[in-house]
Amino acid sequence: MATLAIEELVSRMKSNRRFMENVTAMREIPSNEGTFRPFPEWVRPEIASILGKRGIKQLYSHQVHAMESVREGRDVVLVTPTASGKTLCYNLPVLQRIMEESETRALYLFPTKALAQDQMHEVHGLIGDLGVNIRTYTYDGDTPADARQAIRKQGHVVVTNPDMLHTGILPHHTKWQKLFTNLRYVVIDELHVYRGVFGSHLTNVIRRLVRICRFYGCDPVFICCSATVANPREHAENLLERSVELIDKSGAPAASKTFILFNPPIVNRELGIRQSALTPSRKIAADLIGNDIQTIIFTTSRLNVEVLTKYLKDQFSRKKPLGDQFVTGYRGGYLPNLRRKVEQGLRNREVMGVVSTNALELGVDIGDLEACIMAGYPGSIASTWQQAGRAGRRKGHSLAMLISRSSPMDQFIVENPDYFFASSPEHCRVNPDNLLILLHHLKSAAFELPFERGEKFGNENIEELLDYLEEKGVLHRVDDRWHWAAESYPADEVSLRSINPENVVIVDTSNAGDHQVIAEADWDSAFTTVHDDAIYMVESQQYHVDHLDLERKKAYVKKVDVDYYTDAMTYTNVRVIDSFETGRHGNLIAEHGEVQVVRKVVGYKKIKFYTSENLGYGDVTLPEKDMHTTSYWFTIPRDLLSNLPYTQAEIIDGLAGLAYSLHHLAAIILMADIRDIDRSIGDKSGEWFVRHGRDKRMIIAGPHADQDEEGVRTDSFDPTIFIFDAYPGGIGFSDLLYREHEELLTSAGNLIRSCPCAHGCPSCVGPILEVGTMAKEVALAILRLVGRA
Amino acid sequence: MSIRRKLERLTGETGSREKAPDRSQEIGALRRRIDIIMRRRPEVAAPLRSGFDGERVDLGDVVRGDEVENDHGRFFLVHDEIPSSSRHGSRRIEEISSLDMRRAALIANEDEIAGFHCTDGLFLDTETTGLSGGTGTIAFLIGIGWFDGNAFVTEQLFARDFSEERAALAYLSDLARRKRFLITFNGKSFDVGLLSSRFIMNRLPDPLSVLPHLDLLHPSRRLLGHRLENSRLGTIEQEVLGFRREGDIPGSEIPQRYFDWLRRRDGRLVGDIFEHNRLDVISMATLTVHLTGLLGYEPVRDDCLHEDALAVARLLLDRGCEDEAQGFLSSLFCSKNRGVADEAGRILSLICKRKGNWTESVRIWEEMITGNACHLFAVEELAKWCEHREGDFDRALNLVQTVLENGHYLSITERNSFTYRLDRLKRRVGK
């Protein structure tokens, strides 16, 4: 069969009426010719010549702009599309300077080890061509102990990540004397990743870095690169706390692209159920790959990566025998060598289809793909453009397609294409003066260098905090200096990322004599993916989990071939620790403050492949995990609810439906990823909370109550809906939601009332299989009670 | 589009925070919140240690020392001299004066030391505010020692507060400049690195890291490790140097004692630390004497010491002193300790084989199988020699067969390798 080129496929889609019925928008993004400039005069001829050999005879306008600014010592943030030659903007001035002054040092920060490796190889390539003695090393947790000393003393360019800077470099800065006395450039790539908690931490790490630089008498230039976000300059200035020059006019040529928003058909109007986004994704991806069009499919969860990879593998292996690599999965948790193999396979087109989580969203080098399918809205406009940018780089035509799920966010995006195409992407927010975060870093900073009276650290007057730490006995003040006075190593007490740094390794015991590690799972996701009796999938091979040994951090699995997968059921319980603010809105009380969230995996569902039929349940016994975070909540007085003409079970369903829509709307209002926040229904004391049982929702007394205990009546507590930050310590969303309380409830009223479904659907109060057939009606009744509908 | 408007208002001004709440109120709230968290993590703020109740005692009443002042400030110095005739465990202090510098250089693997005199050495041991290292750890007590010809001098530089560290370091720096090499116990990975860091933090030149360095930990492990439960200095004192400490403070308690001292200024809190540190320095000196003594081995009766000698031979081989090593090994080959004799013979025979001295090698192997016809190493080597050099297949076959017939203890790999050899020999004999 002859294969079709991508332009022909796109025009066939356009003429397919059934296909077009589900397309809510199709936009043509024109190609861009590019603006070129010659190399600046100061660039050494050797550098120009080796670049020339690589086909770079002249530069893009933004590259020249960035290089000139860096050369003149200005801090810059560069915001241009994927494949616009961002890395050269810093590599060229850095290498040039090292060639001029051989003592010069540069520090590169990447959010992941994989990106750091990539970058190191790129710099190595340039240095190799130049034939100069410039030493570039990655320095991270994998760096062998015997290599570290050489890196500290001799590395011209040290490529690392913020976590390593935080725990491994800054607290040992005296060993890095050579680097810190000669540090001229600090490169921070993928700046947009540093938002929320991670960004707040990074800002503090930068404060510490600048403080150490000052001690050694250096003042490096900061060069930042970011994907397109709404406020790149402001974000860079918030992170670096200095003014930064913005370079955002790309001179790079870009291929034309067709961008399609696709809403899968409604398959059950009564239940408001749409076809799963995976179904059209599978069909379209198979069509593209079958036509030799290299395609990347992004899904929103690791589980979906595996399910979709299996579907596609099944499909292609039916036709003809193909290499194992023809279609493959890619996600965090795959071992590094497997990931390198996939990346390599993508570059040399052995891999024609890859199903990935957002792990491939960042700048890992996978070459130029032609089509990108997003099975589900990635959660933010910035991520959507970033993922779409994976297809089509410089020439030819490319296709990007967003296929929506039933969730309110997805529906909002595909049903409002103007909003999507016209809207600027998200703002990046940080709150570096979050007291808990600040306190952690003050400790680390004091460990690194004593604080002097009057010294600045961020925007706060820190003296009171230093006094506090002195009172607690971790600092000791003498002669107006605060010294670290404790045995512990403060940088180890806090992880910059929300995830627990611990990992669980997954061991395949299918072959009794030859146990093999096949993957790893981070601590948090291990609870939901490799609990006892779970079906775990790697590269669409299924494994049954025989035992999860939390103590040894190992999960023992065996290969199986079954027709189902498992989905964990968890419960969440929230208890208020401290209320920061309280406001009365009619007969409701809204608050925000600090809460303790307890989560526990209680069981799992077995779900059949293809039909998604529920095949049964199993129990799981795992310890609960708790987290301190911030939350916004409001309480509905019980007297009010007792006036409603519904049963207590229906009222609970109504509250659950309301919480569902509030959760999704909050994510849109905050322009945050839906997973950045979470919801729970309970009462403020944490004494009662609502839990989803096997067949009904019930109110449970305390998190330890027995699953089968009789439900408690709604009239014995004042139901409270919590929308909380899904990160320990909080990101500062709850404060914003508290201020938007009225708007939030009004929007929920509008959303639910105007939804065309009969009894509730995933686009308003949630699927009726989960919230029941009365949820929509009761949720509206509750909103009417409080004057919002 | 009211959501749009809201969004713009919400996100438009991230930089300027709206009306920050009253700071003192917030700090109060913070305290409460942190206290809640801290209560769940008991190890964070350790309470003062009990056991030092009652009236505070001045430092000077616990340790005899003086305040010293220099250009960089003040600190507290304890000076002590131990006369040559005193004993420390089973050694006399004056033995330090006869330190063999060539052997010290061999142990240290630093040739330069051979040219120095024993009075050029500076013994060093620090007590620190933590064991994890990093720039937040300081050496609040620096113990040093040297032999001045008549006595062993110890000095202890104590920073009574963080502000006195600089003066103490400057004093150490002056003293170190007058010495030519350094002797420590685990100083390479701990004390010297930590002090270098402190010099940098105090913007003082670092005189230590350039000195040749004899770190006693590694040679102790090599030469004595086989009979020690662990390689801690305290264990070596007890097992090897014949010295037992009474009421010594456990190292793990030292940092907290110092933090308590900072707050209470009670000399009793640090008295034990001074004594602990002083003994460490003196023990390092006698340990140096002991280790160099081992290199001058003369046949000893005690079987246990034969193992020390074997370790010495190995060290000498590594340092390229083959003749000396051979001397040790030849005499150890006669040891009553079978394990030692065997190993000595093995090493010795391989040295001879490498040098082409087959006569000697064969003599050793034959001696080894005299007592034990199934000595795997000797049989294998002899069989190889018979087969490849002598062409005496019959004897080789015989040797191998004996092993296979009697060797029910052979591992699978060993049995396979011997069987393989046997088959080949049978073929060759048959030809």
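The values are calculated or read from the model by the stated rules, or taken from the named source; none is laboratory data. What you see is a predicted model; the values in this text were computed from it and never measured. In this analysis, Cβ positions are derived from the backbone assuming ideal geometry, glycine residues included, and neighbour counts consider all displayed protein chains.
Taking the conditions exactly as written (in contact with a helix residue (DSSP H, G or I) (Cβ under 6 Å, 6 or more places away or on another chain) and charged (D, E, K, R)), does residue B:360 satisfy them or not?
Criteria met by residue B:360.
Please determine whether any residue of the stretch A:355-373 is under 30 Å from residue A:765 (Cβ atoms), at pLDDT 85 or above and either within 13 Å of chain B (Cβ to nearest Cβ) or not in a loop (DSSP other than H, G, I, E, B) (or both).
Looking only at the stretch A:355-373, we keep the residues that are under 30 Å from residue A:765 (Cβ atoms), and these are A:357-358, A:373.
Checking which are at pLDDT 85 or above leaves us with A:357, A:373.
Still in the list and also either within 13 Å of chain B (Cβ to nearest Cβ) or not in a loop (DSSP other than H, G, I, E, B) (or both): A:373.
Yes - at least one qualifying residue is present in the stretch A:355-373.
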Point to revise | Single residue of the stretch A:76-104 satisfying the filter (hydrophobic (A, V, I, L, M, F, W, C) and outside any helix (DSSP H, G or I)) that is farthest from residue A:202 (Cα to Cα) | key: A:83
Study note, to complete from the structure: Residues of the stretch B:243-273 being within 14 Å of another protein chain (Cβ to nearest Cβ), farther than 20 Å from residue B:77 by Cβ and among the aromatic types (Phe, Trp, Tyr), in sequence order, are B:259
Review point. What pairs come up if the first residue lies in the stretch A:287-301 and is on the phi > 0 side of the Ramachandran plot and surrounded by fewer than 19 Cβ atoms within 10 Å (Cβ to Cβ), the second is of a type in the set (S, T, N, Q) and not in a strand (DSSP E or B), and their beta carbons are under 6 Å apart, counting only those six or more places apart or on different chains?
Key: A:292/A:3
Exercise for review: May I ask you to list pairs of residues, at least six apart or on different chains, whose Cβ atoms are under 8 Å apart, with the first in the stretch A:453-471 being farther than 20 Å from residue A:242 by Cβ and away from chain B (no Cβ under 11 Å) and the second being surrounded by fewer than 14 Cβ atoms within 10 Å (Cβ to Cβ) and polar (S, T, N, Q)?
Suggested key: none
Exercise for review: Could you check the stretch A:105-188 for strands (runs of 3 or more DSSP E) lying wholly inside it with 1 or more residues that are in the same structural domain as residue A:94 (by TED's automatic domain parsing) and closer than 28 Å to residue A:483 by Cβ?
Suggested key: A:105-109, A:157-160, A:183-188
Exercise for review: Would you mind listing the helices (runs of 4 or more DSSP H) fully within the stretch B:265-366 where at least 1 residues are under 20 Å from the mean Cα position of the chain (by Cα)?
Suggested key: B:268-295, B:303-318
Exercise for review: Check A:666, A:649, A:656 and return the single one that is buried (at least 24 other Cβ atoms within 10 Å of the Cβ), assigned by TED's automatic domain parsing to the domain that holds residue A:775, of a type in the set (A, V, I, L, M) and at pLDDT 70 or above.
Suggested key: A:666
Practice item. Would you please name the residue that is farthest from the chain's Cα centre (by Cα), looking only at residues in the stretch A:518-551 that are assigned to a strand (DSSP E or B) and hydroxyl-bearing (Ser, Thr, Tyr)? Key: A:543
Study note, to complete from the structure: Among (1) surrounded by 20 or more Cβ atoms within 10 Å (Cβ to Cβ); (2) assigned by TED's automatic domain parsing to the domain that holds residue A:618, residue A:528 falls short only on (2)
Review point. Which one of these is part of a helix (DSSP H, G or I) and of a type in the set (Ser, Thr, Tyr): A:281, A:250?
Key: A:281
Practice item. Could you check residue B:353 against (1) surrounded by fewer than 20 Cβ atoms within 10 Å (Cβ to Cβ); (2) in contact with a Phe, Trp or Tyr (Cβ under 8 Å, 6 or more places away or on another chain); (3) within 30 Å of residue B:294 (Cα to Cα) and say which number it fails? Key: (2)
Practice item. Among what's in the stretch A:328-353 and is part of a loop (DSSP other than H, G, I, E, B) and in contact (Cβ under 8 Å) with a residue 24 or more places away in the chain, pick the residue that is surrounded by the fewest Cβ atoms within 10 Å (Cβ to Cβ). Key: A:349
Study note, to complete from the structure: The residue from A:494, A:507 that alone is in contact (Cβ under 8 Å) with a residue 60 or more places away in the chain and more than 8 Å from chain B (Cβ to nearest Cβ) is A:494
Point to revise | Criterion violated by residue A:501 - all others in (1) in contact with a Ser or Thr (Cβ under 8 Å, 6 or more places away or on another chain); (2) modelled with pLDDT under 85; (3) within 14 Å of chain B (Cβ to nearest Cβ); (4) assigned to a loop (DSSP other than H, G, I, E, B) satisfied | key: (3)
Exercise for review: Determine whether residue B:202 is touching an Asp or Glu at 6+ places or on another chain (Cβ under 7 Å), in contact (Cβ under 8 Å) with a residue 24 or more places away in the chain, within 14 Å of chain A (Cβ to nearest Cβ) and surrounded by fewer than 21 Cβ atoms within 10 Å (Cβ to Cβ).
Suggested key: yes
Point to revise | Unmet criterion (only one of (1) modelled with pLDDT of 90 or more; (2) farther than 30 Å from residue B:160 by Cβ) for residue A:480 | key: (2)
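Return yes or no: is residue B:93 in contact (Cβ under 8 Å) with a residue 12 or more places away in the chain, within 21 Å of the chain's Cα centre (by Cα) and away from chain A (no Cβ under 14 Å)? Write out each step before concluding.
Values: in contact (Cβ under 8 Å) with a residue 12 or more places away in the chain: yes; within 21 Å of the chain's Cα centre (by Cα): no; away from chain A (no Cβ under 14 Å): yes.
Answer is no for this residue.
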Practice item. Consider residue A:31 carefully, then state whether it is out of contact with any Asp or Glu (no Cβ under 6 Å at 6 or more places or on another chain) and surrounded by fewer than 13 Cβ atoms within 10 Å (Cβ to Cβ). Key: no
Practice item. Report whether or not residue B:276 is away from chain A (no Cβ under 14 Å), within 18 Å of residue B:62 (Cβ to Cβ), of a type outside the set (Asp, Glu) and surrounded by 19 or more Cβ atoms within 10 Å (Cβ to Cβ). Key: yes
Practice item. Being among the aromatic types (Phe, Trp, Tyr) and assigned to a strand (DSSP E or B) is the filter; apply it to the stretch B:129-165 and report the residue that is surrounded by the fewest Cβ atoms within 10 Å (Cβ to Cβ). Key: B:147
Review point. Across the stretch B:99-116, what is the number of residues that are in contact (Cβ under 8 Å) with a residue 24 or more places away in the chain, surrounded by fewer than 18 Cβ atoms within 10 Å (Cβ to Cβ) and part of a helix (DSSP H, G or I)?
Key: 1
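Yes/no matrix, rows are residues, columns are (1) closer than 14 Å to residue A:593 by Cβ; (2) modelled with pLDDT under 80; (3) within 14 Å of another protein chain (Cβ to nearest Cβ):
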{"site": "A:725", "(1), (2), (3)": "yes, no, no"}
{"site": "A:734", "(1), (2), (3)": "yes, no, yes"}
{"site": "A:738", "(1), (2), (3)": "yes, no, yes"}
{"site": "A:742", "(1), (2), (3)": "no, no, yes"}
{"site": "A:748", "(1), (2), (3)": "no, no, yes"}
{"site": "A:753", "(1), (2), (3)": "no, no, no"}
{"site": "A:761", "(1), (2), (3)": "no, yes, no"}
{"site": "A:770", "(1), (2), (3)": "no, yes, no"}
Revision key, fill the gap. Checking B:126, B:119 in turn, the sole residue that is away from chain A (no Cβ under 14 Å), among the hydroxyl-bearing types (Ser, Thr, Tyr) and in a strand (DSSP E or B) turns out to be B:126
